[in-house]
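Report on the following structure.
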Amino acid sequence: MPHKIAVIGGDGIGPEVTAVALEVMRAAGADLDTTDFRLGGFRYLEDGVILPDEILKELRQYDAILLGAVGTPEVPPGVIERGLLLKARFELDLYINLRPFVLPGGHEFVVIRENTEGTYAGEGGFLRKGTPDEIATQGSVNTRKGAERCIRYGFELAQSRTRKHLTLVHKTNVLTFSGDLWERTFQEVSIEYPDVDTAYNHVDAACIYFVEDPTRYEVVVTDNLFGDILTDLGGAVSGGIGLASSANLNPDRTAPSLFEPVHGSAPDIAGQGLANPTAAVLSGAMMLDFLGDTETSERVRMACQGVPTSGRTEEIASAIHQNLVGEER
């Protein structure tokens with residue numbers, strides 16, 4: 001039975017890289033039944049639609065969602081991000097953001113970012129906006145349930161890996177309320193996983209270690225904001241943001257999970273055939289993994305090894321396809 005996939009190509013280079021990802025997955029043997037959804041900044045400019053509830057209800061009927069990228073310069077910041085990306089994460093309970101990294105030397109590590117709470121929950125507002133006395137507040141929402149299920153996912157993943165090592169990253173010396181909740185939860189859950197070694201880093205220290213010695217990490221778990229920053233840094237130290245894949249997971253499978261490259265819509269190169277599709281292809285591999293098609297996902301992942309990290313889209317796609325053909329031989 002084919003996997004039912006909702007495809008949101010989106011804006012900028014999104015449709016270009018998503019098309020390549022689908023081609024590669026099918027060439028590797030994935031049986032995909034896809035439906036395109038016209039969503040993104042261009043759609044908002046056209047008719048004001050972002051992600052209405054009726055489309056969200058329709059998306060729930062799919063096995064997974066493959067997203068290219070959304071956002072255009074003509075739309076004010078936050079409109080599409082909150083109205084589409086964050087709405088999907090919150091409404092579909094995509095509470096795990098999973099981002100794997102492979103360093104040039106071959107070391108692999110993964111960052112687990114809590115995906116539905118923290119400062120991204122949108123708590124806050126303005127007082128006397130536009131005046132000299134303007135006040136802006138931005139709260140951070142942290143629940144025991146949200147922290148625990150994310151931390152527990154981290155322990156489960158660490159337990160399945162070679163070193164069985166999990167690092168909590170936060171800022172407990174300054175964020176003494178949310179940090180305390182995360183640290184206490186981490187310590188309490190760790191008792192259930194005596195075979196997993198643990199560590200703690202302040203987020204600023206983690207930024208230094210990501211650059212100077214990322215091999216110290218195997219699995220990292222952190223909150224929403226810190227995870228957003230750290231994972232972009234992880235992409236930079238592991239070959240560039242053009243290689244960075246991600247999964248927004250609902251591990252309980254009560255709704256479809258969403259898979260996307262993290263490079264953004266890059267409107268400055270859209271339509272020029274200059275987009276690197278590797279991150280989108282690797283995001284497709286993560287999708288196949290989550291759907292249980294691990295053999296195909298591994299073929300896709302292996303085909304991405306050694307391909308150019310820059311150049312024309314068609315050249316990189318051709319190199320991936322050639323690797324697939326070579327593997328079949």
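The values are calculated or read from the model by the stated rules, or taken from the named source; none is laboratory data. Remember, it's a predicted structure, so these values are computed and weren't measured experimentally. Glycine also receives a Cβ, built like all others from the backbone with ideal geometry; neighbour counts cover every protein chain displayed.
Within the stretch 10-54, the only residue that satisfies the criterion of being crowded, with 24+ Cβ neighbours inside 10 Å and in a strand (DSSP E or B) is GLY10. Candidates in the stretch 231-256 are the residues that are farther than 15 Å from LEU282 by Cα, among the small types (Gly, Ala, Ser) and surrounded by fewer than 23 Cβ atoms within 10 Å (Cβ to Cβ); of these, the one that is nearest to the chain's Cα centre (by Cα) is ALA236. No other residue among ALA64, ALA69, ALA21 is in the same structural domain as THR254 (by TED's automatic domain parsing), out of contact with any strand residue (DSSP E or B) (no Cβ under 6 Å at 6 or more places or on another chain) and touching a residue at least 24 places away in the same chain (Cβ under 8 Å) apart from ALA21.
The residue that is farthest from PRO251 (Cα to Cα), among those in the stretch 153-201 that are under 22 Å from the mean Cα position of the chain (by Cα) and surrounded by fewer than 17 Cβ atoms within 10 Å (Cβ to Cβ), is ARG161. When you check ILE13 against the structure, is it in contact (Cβ under 8 Å) with a residue 12 or more places away in the chain, β-branched (Val, Ile, Thr) and within 28 Å of CYS150 (Cα to Cα), yes or no? Considered against the rule, which asks whether it is in contact (Cβ under 8 Å) with a residue 12 or more places away in the chain, β-branched (Val, Ile, Thr) and within 28 Å of CYS150 (Cα to Cα), ILE13 comes out as no.
Screening the stretch 145-261 for helices (runs of 4 or more DSSP H) wholly inside it with 1 or more residues that are more than 23 Å from HIS107 (Cα to Cα) and polar (S, T, N, Q) returns the ranges 178-190, 224-237.
Please work out if GLU260 is closer than 19 Å to GLY68 by Cα, surrounded by fewer than 21 Cβ atoms within 10 Å (Cβ to Cβ) and either at pLDDT 95 or above or in contact with a His (Cβ under 8 Å, 6 or more places away or on another chain) (or both). It is false that GLU260 is closer than 19 Å to GLY68 by Cα, surrounded by fewer than 21 Cβ atoms within 10 Å (Cβ to Cβ) and either at pLDDT 95 or above or in contact with a His (Cβ under 8 Å, 6 or more places away or on another chain) (or both). Per the listing GLY240, GLY326, GLY292, GLY284, the residue uniquely at pLDDT below 95, more than 30 Å from ALA205 (Cα to Cα) and not acidic (Asp, Glu) is GLY326. Residues in the stretch 75-93 that are buried (at least 16 other Cβ atoms within 10 Å of the Cβ) and of a type in the set (Gly, Ala, Ser) were compared, and the one that is farthest from GLU46 (Cα to Cα) is ALA88. Checked against the criterion of being crowded, with 22+ Cβ neighbours inside 10 Å, in contact with a helix residue (DSSP H, G or I) (Cβ under 7 Å, 6 or more places away or on another chain), among the polar types (S, T, N, Q) and under 29 Å from GLY239 (Cα atoms), the candidates ASN115, ASN142 yield just one match: ASN115. Of all the criteria given as (1) within 19 Å of TYR44 (Cβ to Cβ); (2) part of a strand (DSSP E or B); (3) of a type in the set (A, V, I, L, M), the one not satisfied by VAL110 is (1).
In the stretch 184-231, what count of residues is obtained for those that are among the acidic types (Asp, Glu) and in contact with a Phe, Trp or Tyr (Cβ under 7 Å, 6 or more places away or on another chain)?
Within the stretch 184-231, residues that are among the acidic types (Asp, Glu) and in contact with a Phe, Trp or Tyr (Cβ under 7 Å, 6 or more places away or on another chain) number 2.
Within the stretch 109-120, can you find the residues that are in contact with a Leu (Cβ under 9 Å, 6 or more places away or on another chain) and closer than 18 Å to LEU225 by Cβ?
VAL111, ILE112, ARG113, ASN115, THR116, GLY118, THR119, TYR120
Within the stretch 26-55, residues that are of a type in the set (S, T, N, Q) and modelled with pLDDT of 95 or more have Cβ atoms under 6 Å from residues that are in a strand (DSSP E or B) and surrounded by 20 or more Cβ atoms within 10 Å (Cβ to Cβ) in these pairs: THR34/ILE5; THR34/VAL7; THR35/ALA6, counting only partners at least 6 apart in sequence or on another chain.
Residues in the stretch 57-78 that are assigned to a helix (DSSP H, G or I) and more than 19 Å from the chain's Cα centre (by Cα): LYS57, GLU58. Number of residues in the stretch 304-322 that are outside any loop (DSSP other than H, G, I, E, B) and more than 16 Å from GLY239 (Cβ to Cβ): the value is 7.
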